[in-house]
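In what follows, a structure is listed as structure tokens, so that the remarks can point back to it.
What follows draws every value from the coordinates through simple rules; no lab data is involved. Values in this document were obtained by computation on a predicted structure and should not be read as measured data. Methodologically, a virtual Cβ is constructed for each residue, glycine included, from the backbone with ideal geometry; neighbour enumeration extends over all protein chains shown.
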Amino acid sequence: MTAKSLFSVGFGEFQKTLADLGMPAFRAKQVQEWIFRKFVFSFDEMTNLSLADREKLKAAFPKILPPVEKYLQDRDGTSKVVVKLGDDELVEAVAIPDEDSLTFCLSTQVGCPVGCVFCRTGEMGFKRNLSSDEIMLQVMLLVKRTGKKPTNIVFMGMGEPFLNRKALYEAIDMLTDPQGLGLATRRITISTSGVVEGIAELISRPGEVNLAVSLHVADNATRNTLVPINKKFPLEKLKEAISSYCTHTSRRVTLEVVLLKNVNDQLQDAMNLVSFCEGLLVHVNIVRFNHFPGSNYEPSPEKDEKEFRKILKKAGIAVTVRKSRGQEILAACGQLAGKSDDQEKK
Ligand code: SAH
Ligand code: SF4
């Protein structure tokens, strides 16, 4: 059995333990400051705590961060951490360095209940929601690994963030807390498969969190098969929600489109997408399909992708193509599955 770690029991439980040990309530705050502001992960180094308290804390929580199942490093600089949670479930988070940014891609669930047919996480089914401490654990493991604070956070790892909103917003509060990492909300992006009620709730929250919607295709029949949650939140409702977000926030929404060969990469698909974008403040991000073992789908051929982009551009829609990062270590979008046997490539 692995030694109890602070992050695997969570800060709520930690505070209770401190009270049981007869420590004042502000001790917990001091410990949090060491961890989230100074990136110190050992009680021995928390020098404003008395020696006696440090010993008591070490006895109660032999580790601050739980052991990492695996670190994988791609040749392109991307690193992925596979974390073993308190109940032995595995979850993944990815750090993507760029010229002057460092983006952490975080998971919100173990598996995912949405079950998109082209997604490795969807294929594994849904195990459970993560707690906010388990989301922050991913952040701190990546901080420890990279030695740096992230410049951007994207909720684009395993799971559907809007199906775990309580923990999602608690984690966002911790990320933006000036006493913690102090990130600006506009540095944070939530990616959703189209949970309309989640978009509505985001609008009502303070801050400038960015929204990305994994649209993929703009006709209900095809989207029902690719992204099954479309049956619950069809395109008409989704468009309304996106429109409302744009109106309320004046922020541009990213529509993500994974192009799959002969599935959603044809002329009619591009035209449907153009109609969907009409009247919306959006930008389309074409994502190359990342293949994973056992998938029946294939990426759209380059010439079809080019043609697809041309149609969007001609209609005046801003289009980008997302660089795929961390593909070799299965750290790219849709390749995360919480498996410890993914190969490390040096
Ligand atoms: N559940 C949320 C966020 C996690 S998925 C969502 O679906 O938006 C993050 C992104 O990866 C989504 O845009 C998703 O559509 C995309 N994705 C899933 N499987 C993929 C694959 N095999 N190749 C490329 N992108 C994929
Ligand atoms: Fe879930 Fe997103 Fe994967 Fe769909 S693409 S199964 S919503 S993680």
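Below, the figures for the structure above:
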| item | result |
| --- | --- |
| 5 angstrom amide H check on Leu215, placed H, neighbours 5+ away | Glu256 |
| Segment Asp87-Val68, extension gain: residue separation times 0.36 nm, minus the distance between their alpha carbons | 5.5 nm |
| Exceeding the 22 Å Cα-Cα cut-off - candidates Lys239/Lys303; Lys239/Lys306; Lys237/Lys313; Lys261/Lys323; Lys84/Lys323 | Lys239/Lys303; Lys239/Lys306; Lys237/Lys313; Lys84/Lys323 |
| Note, ³J(HN,Hα) from phi for the stretch 158-164, Karplus 6.51, -1.76, 1.60, rounded to Hz, x at Gly and Pro | 6, x, 9, x, 6, 9, 9 |
| Gain upon complete extension [Lys29, Asp100; 0.36 nm per residue less C-alpha separation] | 22.4 nm |
| Between the stretch 230-284 and the stretch 1-80, the alpha-carbon center distance in angstrom | 43 Å |
| Top positive-direction residue, dipole computed over the chain with Cβ charges, set Val9, Ala221, Ser101 | Ser101 |
| Between helix 267-277 and the chain: long-axis angle, C-alpha atoms, 0 to 90°, nearest 10 | 60 degrees |
| Point-charge dipole on Cβ atoms (K/R +1, D/E -1) for the stretch 6-60, about Cα centre, debye to 20 | 120 debye |
